[in-house]
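Asker: The structure's right below; bear with me while I get my questions together.
Please treat every number below as a calculation from the coordinates, not as lab data. Worth saying up front: this structure is predicted, and the values here are computed from it rather than measured. Please note: Cβ atoms are built from the backbone with ideal geometry, for glycine as well, and neighbour counts cover all protein chains shown.
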Amino acid sequence: MSKFELKKIPQWQNLEKNYNEVKNLHLRDLFKDKNRFNEFSIRDTNIGITFDYSKNIITSDTFKLLMDFAKAARVNGWAKKMFLGEKINWTQKIPALHTALRNRSESPIYVDGNNVMPEINAVLAKMEKFSNDLRNGKWLGATGKKITDVVNIGIGGSDLGPRMVCEALRYYANDGPNIYFVSNIDVADMYNVLKKLKPENTLFIVASKTFTTTETITNALTARNWVTEKLGDKAVVNHFVALSTNTKKVSEFGIDKNNMFEFWDFVGGRYSLWSAIGLSIACFIGFDKFLELLDGAHYVDEHFLNAPYEENIPIIMAVLGIWYNNFFGASTHAVLPYSHYLHRFPAYLQQGDMESNGKTVNFEGDRVDYETGPIIWGEPGTNGQHSFYQFIHQGTKFIPCDFIGFIKPMQKVGDHHEKLMANYFAQTEALAFGLTKDQVVENLKEMGHSLNEIEILAPHQVYEGNKPTNSILIDSLTPKTLGALIALYEHKIFTQGIMWRVNSFDQWGVGLGKVLANVILPELKEQANNKHDSSTENLIKIFKANQK
Ligand code: F6P
């Protein structure tokens, strides 16, 4: 196949030219246009989401050129392929059909000629029955006691999605069981959860697409011993269910086939919270609310497929990310939710984005000569303001940020919410417009500083501004709006992958470390010695020599 040179296509080159014109513009000047907010914002009243992207360093020309680039990449054509179940994850020869899991229209979707919707709906029905039975006390532990505590054992996509959603929707978990998540192979994770629980009242959900992941299987075995030591082997059937694509391995582990909730190869781990992997969510907040989450994502799926490029929120998020990543040289992107309920959202997105687009090889198998996925990071506001915001405001790194906020509070107590949101609005304003030297001098004069002091202090108090932000302002945090928010980011990631010409759905980069750990494990447990580099060999030697 001939080499495809993305940087040579006219759409890329036009953006490069535009960058040279725009890079010295300041948001202070761009905002002299009173129509700017109207031009660069979208309010969708059906779902209650406002997306304001006016505080980005773009002109109308830039926006048009970014859209031309997205159109040249045929984002919409690729989206259709994804939704129709084409095997767009070509290195694993599988489709990426997380959208089918929330296909609330229930129109047929075919994989290899089979409509997958009946299977998807059958698993949803099984999840509904199980979560209702568990919450109503019909599903009991081996000694006849009600299940009061549910522990999801999984890692990566089998942990981060459901964990984030359960945290985000904790407000709605009125009469459900307590929920815990164990992911780390470090036994401290399991230990700290088990010490609060009793086997009689605890249900373990073993979540693993492959059912071969070392962390999950090791933790599940520890949990099984904990249960059977007290309640006997027969208790496994009451206290363990599995979420997996691998029936054989689930049976080998000793979990009854009837207690297995299936999903399929066409669901990527990091896109799986909509599948059986969401069982912990359904148990925690109730199945009806789980369906509302799917509804919200489905709403955004329709938007992504049908809205014109210029009004398509995930596409706009994607091209703005590319604008900074590939033209301004930004290597990170901060996601800053002004809701404590969303405190796991940045961690969830790290896998969603970085495992998807952390790639160096393009569609043709060539090494790319441009940057692909950025580093995703963040913490909830206002905590982050007292930690790393200094760096964003006055550091030398250029960091585009997404600010996510909610109009209505979950709990109305005093003026907490107004204070939280005052900060949400203030930060994007400060980042965009900063504080000029003249303003600083004026302020210092008013405070009574001498001219000498002003000269010393002023440079440190200048905020250059011109730091770009998106504001995602959502009416309220509900299962539906959360589903929509997650899907917006999923499709942003997909769009960027298409535009960078990488496969966003494989993850070959996590394999090598697992293979090497399997080589090293016997060396730590027994007398085995394998050949390594001198650094690794000596570290292992010191570890073994000092273990006691
Ligand atoms: O870390 C790699 C990975 O394969 C992720 O993509 C996945 O979400 C995670 O491991 C867990 O895999 P599984 O669900 O098969 O246990």
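Asker: State whether region 1-106 is rounded, prolate or oblate according to the following rule on the C-alpha gyration tensor (a ≥ b ≥ c being the square roots of its eigenvalues): a/c under 1.5 gives rounded; otherwise a/b larger than b/c gives prolate, and the remaining case gives oblate.
Answerer: Numbers: a/c = 3.68, a/b = 1.35, b/c = 2.72.
Because a/c hits 1.5 or more and a/b fails to exceed b/c, region 1-106 counts as oblate.
Asker: Still on this model: Counting only helical runs of four or more DSSP H residues, what would the 222 nm mean residue ellipticity of the chain come to if each run contributes -39,500 (n - 2.57) and the total is spread over all its residues? Each step should come with its number before you reach the end.
Answerer: Details: 23 runs with 250 residues, N = 548.
One gets -14000 deg cm²/dmol as the mean residue ellipticity at 222 nm.
Asker: Once amide H atoms are built 1.01 Å from N in the peptide plane, which residues 5 or more positions from Asp402, or in another chain, come under 5 Å H to H?
Answerer: Result for Asp402 returns Ala334, Val335, Leu336, Asn470.
Asker: Let me ask you something else. Going by amide H atoms built from the backbone, whose H comes under 5 Å of the H on Leu435, apart from near neighbours?
Answerer: Result for Leu435 returns Tyr463, Glu464, Gly465.
Asker: Then there's this: In whole Hz and in residue order, list the ³J(HN,Hα) couplings for region 15-22 that follow from phi through the Karplus curve 6.51 cos²θ - 1.76 cosθ + 1.60, θ = phi - 60°; x for Gly and Pro.
Answerer: 5, 4, 4, 4, 4, 5, 7, 8
Asker: Now, a different point. Quick one: Cα centre-to-centre distance for region 345-401 and region 50-68, in angstrom?
Answerer: 20
Asker: Would you mind working out the magnitude of the charge dipole of region 341-460 relative to its Cα centre, with +1 at each Lys and Arg C-beta and -1 at each Asp and Glu C-beta, to the nearest 20 Debye? Could you put the intermediate results ahead of the total?
Answerer: Details: 9 positive and 16 negative charges, 85 e Å.
Here region 341-460 has a charge dipole of around 400 debye.
Asker: Return one number: the angle in degrees, 0 to 90 and rounded to the nearest 10, between the long axis of the Cα atoms of helix 479-500 and the longest principal axis of the Cα atoms of the chain.
Answerer: The angle comes out near 70 degrees.
Asker: Considering only C-alpha atoms, what is the centroid distance from region 415-435 to region 453-489, in Å?
Answerer: If you average the Cα positions of each part, the centres end up 8 Å apart.
Asker: Relative contact order of region 343-452, please, whole-number percent, based on alpha carbon pairs below 8 angstrom and at least 6 residues apart. Before the final figure, lay out each step's value.
Answerer: Numbers: 46 pairs, mean separation 20.8, N = 110.
Reported as a whole number, the value is 19 percent.
Asker: Along region 418-424, what does the Karplus equation 6.51 cos²θ - 1.76 cosθ + 1.60 (θ = phi - 60°) give for ³J(HN,Hα), rounded to whole Hz, x for Gly and Pro?
Answerer: Listing the rounded values in order: 4, 5, 4, 6, 4, 5, 4 Hz.
Asker: Output wanted: per-residue J couplings in Hz (rounded whole) for region 115-129, from phi through Karplus 6.51 cos²θ - 1.76 cosθ + 1.60, θ = phi - 60°, x for Gly and Pro.
Answerer: 6, 7, 5, x, 5, 4, 5, 5, 5, 4, 5, 5, 5, 4, 5
Asker: Considering Cα pairs under 8 angstrom that are at least six residues apart, work out the relative contact order of region 212-302 and quote it in whole percent. Walk me through the intermediate numbers first.
Answerer: Numbers: 61 pairs, mean separation 15.5, N = 91.
Contact order relative to length: 17 percent.
Asker: When N counts the residues of the chain, how does its alpha-carbon radius of gyration compare numerically with 2.2 N^0.38 Å, as a ratio? Write down the numbers at each step before the final one.
Answerer: Working: Rg = 25.5 Å, N = 548, 2.2 N^0.38 = 24.2 Å.
Output field value: 1.06.
Asker: Can you sort Tyr191, Tyr110, Tyr389 from fewest to most other Cβ atoms within 10 Å of each residue's own Cβ? If you can, show how the numbers build up before the last one.
Answerer: Details: Tyr191 11, Tyr110 14, Tyr389 22.
Arranged by neighbour count, lowest to highest, Tyr191, Tyr110, Tyr389 become Tyr191, Tyr110, Tyr389.
Asker: At what distance in angstrom do the alpha carbon centres of region 504-548 and region 131-201 lie from each other?
Answerer: Rounded to whole Å, the Cα centres lie 32 Å apart.
Asker: Just name one of Asn259, Pro374, Asn24: the one whose Cα is farthest towards the positive end of the charge dipole of the chain (beta-carbon charges, Lys/Arg +1, Asp/Glu -1).
Answerer: In the chain, that residue is Asn259.
Asker: Continuing with this model, one more query. Given +1 on the Cβ of Lys and Arg, -1 on the Cβ of Asp and Glu, and no further charges, what dipole in debye does the chain carry about its Cα centre, rounded to the nearest 20?
Answerer: Numbers: 59 positive and 61 negative charges, 233 e Å.
So the dipole magnitude of the chain works out to roughly 1120 debye.
Asker: To continue, here is another question. What percent does the relative contact order of the chain come to when contacts are Cα pairs within less than 8 Å and at least six residues apart? Write down the numbers at each step before the final one.
Answerer: Details: 886 pairs, mean separation 100.2, N = 548.
With pairs under 8 Å counted, the relative contact order is 18 percent.
Asker: Here is a further query. Lys195 versus Asn132, label points 7 Å from Cα toward the beta carbon: distance in nm?
Answerer: Distance between the two pseudo-spin positions: 4.0 nm.
Asker: Ok, one more. Given H placed on each backbone N at 1.01 Å, which residues far from Val111 in sequence or on other chains put an amide H within less than 5 Å of it?
Answerer: The answer is Val116.
Asker: Work out the length of the dipole vector of region 114-169 about its Cα centre, built from +1 on the beta-carbon of each Lys and Arg and -1 on the beta-carbon of each Asp and Glu, and round it to the nearest 20 debye.
Answerer: On the way: 7 positive and 6 negative charges, 58 e Å.
For region 114-169, the charge dipole is close to 280 debye.
Asker: Same structure again: Where a ≥ b ≥ c are the square roots of the eigenvalues of the C-alpha gyration tensor, would you call region 389-499 rounded, which needs a/c under 1.5, or, failing that, prolate if a/b is larger than b/c, or oblate?
Answerer: Values: a/c = 4.51, a/b = 1.73, b/c = 2.61.
Oblate, because a/c is 1.5 or more while a/b does not exceed b/c.
Asker: Could you point to the residue in Val319, Gly48, Met82 farthest towards the positive end of the chain's charge dipole, with +1 and -1 charges on the Cβ of Lys/Arg and Asp/Glu respectively?
Answerer: Met82
Asker: Can you tell me the order of 416-422, 265-271 when each peptide is scored by its average per-residue count of other Cβ atoms within 10 angstrom, highest first? All intermediate terms of the calculation are to be shown ahead of the outcome.
Answerer: On the way: 416-422: 14.1, 265-271: 23.6.
The packing order, highest mean first, is 265-271, 416-422.
Asker: Right, here's the next one. Of Tyr180, Pro10, Leu336, which is farthest towards the positive pole of the chain's charge dipole, taken about the Cα centre with +1 and -1 on the beta-carbons of Lys, Arg and Asp, Glu respectively?
Answerer: Tyr180
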